[in-house]
Amino acid sequence: MKELFSFLIISGLLTFSFGADHGMYMLTNKNIKGDYSKICDQVKDVIKSKGFRILADRDITTPDRVKKDQKNLCGYKGKLFVFTNDDYVKMLTGYGNKYIAASMLRVGVHETNEGVQIIIADPETINRIIFNDLKDDQYNKIVKSTIPYKNKIIDALHSLKLGTNVNEAREPKRSTDDLRDASKDMIMMVGDMTFFEDEDQFPEIYSQKNDVSVEGLEKLKQKLYANIKSFTPNQEDKDYRWSKDLKEDLKWKVVGEVYSPDKKAILFGLTRNQTEGVSFYIVGDETKENSCPGLDHLTAYPIEVLLMIKGDKIVVHTPREMLRMDMYFWDAGMAAFTNHMSMPGILDESIYRALFGKDKD
């Protein structure tokens, strides 16, 4: 009886420990056989049918694009769907307009040797990071409020009956306590893994005190969009990594936008071919069966850019790339990050240059 009691205690602890692990990514449909394009269409249609609004439909850039040796290519494809829901945005911004930073939901479809896989960026895990500056009662409430939306997405994807339905949390994973405490995972990461407790992680990179209004916010957004469209990379950006079409692959692109209900905050996403391809190349160990394993991280994009009215000024925030790498890619391992230590700084500079048409002062 004593042995049975001990077994039950250990089993309970193991179950609790496993249940407390939160992945940045969740695999929902495994090893689907069939036409990739048709599967993508089905995923898009079912998301829309459940009341979500598609913000972006993007063919993600695979590591093939940044491999100078064009002999060992995987040939796989990846698709990113970015979407949201008005009720979800209202729920998030009920805690403050800054939390619109969490409003872009993401589903990814990608090919492997075993078939097509469907993954999501887990909104519960993301919100545990973004909202961890709140007091415990509010924090627990927002996490609880997020789960029905997460389940709605998973149920929609499972309803397609494609491949094997699973709820498989993928790396990188964190414990409940680590997320609540904003614990960093990368040794070289400066500060905690939080958007709003540490002002250096989701920094205010611009502010203006003129034309502080909804109209002024819209004008600033259009100005930033124009700068992005006319972006030219600096030499460090150009020299960082070979890419199949460097001129095209270094262009930043706007991927979706979301407005707060009162129109006093705007979130839009940024991404580009080379950054996607390189990040997916870095993460994961290549094998003969799968030379593009990093595609299971495709829902790491887009990168958030937040514009909002804050008191007597308009501000622009975007996360430090080291923070995003810690969130989405720390499972690549220390060797990978050591070999690419300059990448976060180059991206921070490139994004600033894209938004404002100049280098940082």
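The values are calculated or read from the model by the stated rules, or taken from the named source; none is laboratory data. Treat the numbers as computed from the prediction; the structure is a model and nothing was measured. Glycine also receives a Cβ, built like all others from the backbone with ideal geometry; neighbour counts cover every protein chain displayed.
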- Could you list all residues from segment 205-218 that are surrounded by fewer than 16 Cβ atoms within 10 Å (Cβ to Cβ) and touching a helix residue (DSSP H, G or I) at 6+ places or on another chain (Cβ under 8 Å)? Gln208, Asn210, Asp211
- Regarding Asn72, is this residue out of contact with any helix residue (DSSP H, G or I) (no Cβ under 8 Å at 6 or more places or on another chain), polar (S, T, N, Q) and part of a loop (DSSP other than H, G, I, E, B)? yes
- Item | Members of segment 25-69 that are within 20 Å of Ala102 (Cα to Cα), touching a strand residue (DSSP E or B) at 6+ places or on another chain (Cβ under 7 Å) and either in a helix (DSSP H, G or I) or of a type in the set (Gly, Ala, Ser) (or both) | Ile47, Lys48, Ala56
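Select, from Gly277, Gly294, Gly284, the only residue that is small (Gly, Ala, Ser), touching a Leu at 6+ places or on another chain (Cβ under 9 Å), surrounded by 18 or more Cβ atoms within 10 Å (Cβ to Cβ) and farther than 19 Å from Lys229 by Cβ. Give the derivation first.
On the way: Gly277 fails: touching a Leu at 6+ places or on another chain (Cβ under 9 Å); Gly294 fails: touching a Leu at 6+ places or on another chain (Cβ under 9 Å).
The conditions single out Gly284.
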- Message: I'm checking my understanding of the structure. Among residues of segment 219-259 that are of a type in the set (Val, Ile, Thr) and surrounded by 13 or more Cβ atoms within 10 Å (Cβ to Cβ), which one is nearest to Lys310 (Cα to Cα)?
- Response: Val258
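Inside segment 246-270, can you point out the residues that are farther than 17 Å from Arg58 by Cβ and not in a helix (DSSP H, G or I)? Full working, then the answer.
Quick first cut of segment 246-270, residues farther than 17 Å from Arg58 by Cβ only: 246-247, 259-266.
Listed by number, the residues that qualify are Tyr259, Ser260, Pro261, Asp262, Lys263, Lys264, Ala265, Ile266.
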- Item | Of the criteria (1) surrounded by 19 or more Cβ atoms within 10 Å (Cβ to Cβ); (2) basic (Lys, Arg); (3) more than 24 Å from Tyr99 (Cβ to Cβ), which one Arg324 fails | (3)
- Item | Exclusive hit being more than 20 Å from Lys184 (Cα to Cα), out of contact with any helix residue (DSSP H, G or I) (no Cβ under 6 Å at 6 or more places or on another chain) and crowded, with 17+ Cβ neighbours inside 10 Å, set Gln138, Gln117 | Gln117
- From Leu162, Leu92, residue being surrounded by 23 or more Cβ atoms within 10 Å (Cβ to Cβ) and either part of a loop (DSSP other than H, G, I, E, B) or over 18 Å from the mean Cα position of the chain (by Cα) (or both): Leu162
- Message: Could you check segment 169-204 and list, in sequence order, the residues that are outside any loop (DSSP other than H, G, I, E, B) and surrounded by 13 or more Cβ atoms within 10 Å (Cβ to Cβ)?
- Response: Ala169, Arg170, Glu171, Pro172, Lys173, Arg174, Ser175, Thr176, Asp178, Leu179, Arg180, Glu204
- Can you name the residue in segment 67-105 that is modelled with pLDDT under 95 and of a type in the set (A, V, I, L, M, F, W, C) and, of all such residues, is farthest from Asn140 (Cα to Cα)? Leu73
- Message: I need a count of the residues in segment 23-41 that are surrounded by fewer than 18 Cβ atoms within 10 Å (Cβ to Cβ) and either modelled with pLDDT under 95 or over 22 Å from the mean Cα position of the chain (by Cα) (or both).
- Response: 7
- Note on the structure: Residue count, segment 231-258, condition more than 14 Å from Ser350 (Cβ to Cβ) and of a type outside the set (D, E, K, R), comes to 5
- Task: Return the total of residues in segment 322-349 being under 17 Å from Arg272 (Cβ atoms), touching a residue at least 60 places away in the same chain (Cβ under 8 Å) and assigned to a helix (DSSP H, G or I).
- Result: 6
- Are any of the residues in segment 200-213 of a type in the set (A, V, I, L, M) and closer than 30 Å to Asp312 by Cα? yes
